[in-house]
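J.: Next up is a structure, given as structure tokens.
The values are calculated or read from the model by the stated rules, or taken from the named source; none is laboratory data. Just so we're clear, the structure is a prediction, and the values are computed from it rather than from any experiment. Cβ placement follows ideal geometry from the backbone for every residue including glycine, while neighbour counts extend to all protein chains displayed. Each accessible area value is taken on the protein alone, full model and side chains, heavy atoms only, with ligands, DNA and RNA left out. Shrake-Rupley method; radii C 1.70, N 1.55, O 1.52, S 1.80 Å.
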Amino acid sequence: MKSQDELKKEAGYRAADLVEDGMTVGLGTGSTVRYLLDALGERIKKDGVHFIGVPTSKRTADYGRELGMEIKSLDDVDQIDITIDGADEVDPDLNGIKGGGGAQTWEKLVATNSKTCAWIVDESKVVDQLGKFPLPVEVLAYGHKQLVKRMADLGYRPEVRLVDGQPFETDEGNIIIDLHLDQIDDPYALADKLSNMTGVVEHGLFLDMTQTVVIGGQDGTKLMNK
Ligand SMILES: O=C(CO)[C@H](O)[C@H](O)COP(=O)(O)O
């Protein structure tokens, strides 16, 4: 039986084939994406493939540069051909939860400016209904305690994400509130509600944003297409 990490690696390496010479590529964030970056780094060295990488976090930018990639900010490119990113949960409609690594704001910005998107996941992330994975919401630090109270009143079971006892800080200097919802019956209604809450920067519901999911599984790597 392969480990979750091996399945992530297989998905990441398979998705590297989606990148063609000359493309501008949105580069996601997380442990699965790290394997994608490794695979792309190998293609750069072995085949001389050249592409422009648009990172969704400082971590990805740093690692991409280390591997010899040309890295540009979203503001310095005209368009992105494909974005490849990880996900925390994916449902049968290819809607998903992202932000386990706290990078969902840049991830959504890069994704919405891409011609096409692909997610790379191991099979444990494929679910019938979204919501078991706590939904990450990036919020401004100022006033976040009031926001936590409002979210609690709405029954969202919010929890400020901590690292070593201190609030986790995003690349934009914001805070993440994880919502322990267990199940999300209407992701579109919830997305609207969260987007309209003052203080919310971006939530981790990614709806109608990806066309392909590359799934690393025990029986091999499979593709789900919209
Ligand atoms: O959304 C993300 C980061 O904000 C990641 O893509 C998501 O959390 C999956 O991460 P991993 O590949 O490490 O399981």
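J.: Which one of these is under 18 Å from the mean Cα position of the chain (by Cα) and either within 9 Å of the ligand (Cβ to nearest atom) or under 20 Å from MET209 (Cβ atoms) (or both): VAL90, VAL77? Quick ask: steps written out before the conclusion?
T.: Details: VAL77 fails: under 18 Å from the mean Cα position of the chain (by Cα).
Sole residue among the options that is under 18 Å from the mean Cα position of the chain (by Cα) and either within 9 Å of the ligand (Cβ to nearest atom) or under 20 Å from MET209 (Cβ atoms) (or both): VAL90.
J.: Continuing with this model, one more query. Considering only the range 188-211, state which residues are in a strand (DSSP E or B) and open to solvent by less than 20 Å² (accessible area, probe 1.4 Å). Quick ask: steps written out before the conclusion?
T.: Going residue by residue through the range 188-211, those that are in a strand (DSSP E or B) are 200-203, 205-206.
Correct list: HIS203, LEU205, PHE206.
J.: Please find, within the range 6-26, the residue that is most open to solvent (accessible area, probe 1.4 Å) out of those that are assigned to a helix (DSSP H, G or I) and of a type in the set (A, V, I, L, M, F, W, C).
T.: First, pick out the residues of the range 6-26 that are assigned to a helix (DSSP H, G or I): 6-18.
Next, only the ones that are of a type in the set (A, V, I, L, M, F, W, C) stay: 7, 11, 15-16, 18.
Numbers: LEU7: 7, ALA11: 0, ALA15: 1, ALA16: 2, LEU18: 60 Å².
So, considering only residues that are assigned to a helix (DSSP H, G or I) and of a type in the set (A, V, I, L, M, F, W, C), the one most open to solvent (accessible area, probe 1.4 Å) is LEU18.
J.: Which condition number in (1) part of a helix (DSSP H, G or I); (2) open to solvent by 20 Å² or more (accessible area, probe 1.4 Å) is the one that GLU172 fails?
T.: (1)
J.: May I ask you to list the residues in the range 27-50 that are surrounded by 20 or more Cβ atoms within 10 Å (Cβ to Cβ) and either at positive phi or more than 16 Å from the ligand (Cβ to nearest atom) (or both)?
T.: Our first condition is that a residue be surrounded by 20 or more Cβ atoms within 10 Å (Cβ to Cβ); within the range 27-50, this holds for 27-30, 32-33, 35-37, 40.
Within the range 27-50, GLY30 is the sole residue that qualifies.
J.: Suppose we filter VAL160, VAL148 for residues that are without any contact (Cβ under 8 Å) to a residue 40 or more places away in the chain, farther than 24 Å from LYS58 by Cα and β-branched (Val, Ile, Thr); which single one remains?
T.: Result: VAL148 is the single residue among VAL160, VAL148 that is without any contact (Cβ under 8 Å) to a residue 40 or more places away in the chain, farther than 24 Å from LYS58 by Cα and β-branched (Val, Ile, Thr).
J.: Also, quick follow-up: Let me confirm something: among ASP153, ASP219, ASP164, which residue is modelled with pLDDT of 95 or more, open to solvent by 20 Å² or more (accessible area, probe 1.4 Å), in the same structural domain as ARG59 (by TED's automatic domain parsing) and over 27 Å from THR24 (Cβ atoms)? Please lay out each step first, then the result.
T.: Values: ASP153 fails: in the same structural domain as ARG59 (by TED's automatic domain parsing); ASP164 fails: in the same structural domain as ARG59 (by TED's automatic domain parsing).
Every option except ASP219 fails the conditions.
J.: Tell me which of these ILE97 doesn't satisfy, since it passes every other one: (1) among the hydrophobic types (A, V, I, L, M, F, W, C); (2) in contact (Cβ under 8 Å) with a residue 40 or more places away in the chain; (3) over 27 Å from GLN183 (Cβ atoms).
T.: (3)
J.: Of GLY102, GLY68, which residue is assigned to a loop (DSSP other than H, G, I, E, B) and within 9 Å of the ligand (Cβ to nearest atom)? Step through it out loud before you land on a result.
T.: Details: GLY68 fails: within 9 Å of the ligand (Cβ to nearest atom).
Sole residue among the options that is assigned to a loop (DSSP other than H, G, I, E, B) and within 9 Å of the ligand (Cβ to nearest atom): GLY102.
J.: Now for a separate question. Filter the range 114-125 for residues that are more than 11 Å from the ligand (Cβ to nearest atom) and within 14 Å of GLN211 (Cα to Cα); which is surrounded by the fewest Cβ atoms within 10 Å (Cβ to Cβ)? Before you say what the answer is, go through the steps one by one.
T.: At the first step, the residues of the range 114-125 found to be more than 11 Å from the ligand (Cβ to nearest atom) are 114-118, 123.
Applying the additional criterion that residues be within 14 Å of GLN211 (Cα to Cα) yields 114-118.
Numbers: SER114: 24, LYS115: 13, THR116: 15, CYS117: 24, ALA118: 24.
Filtering first and then ranking leaves LYS115.
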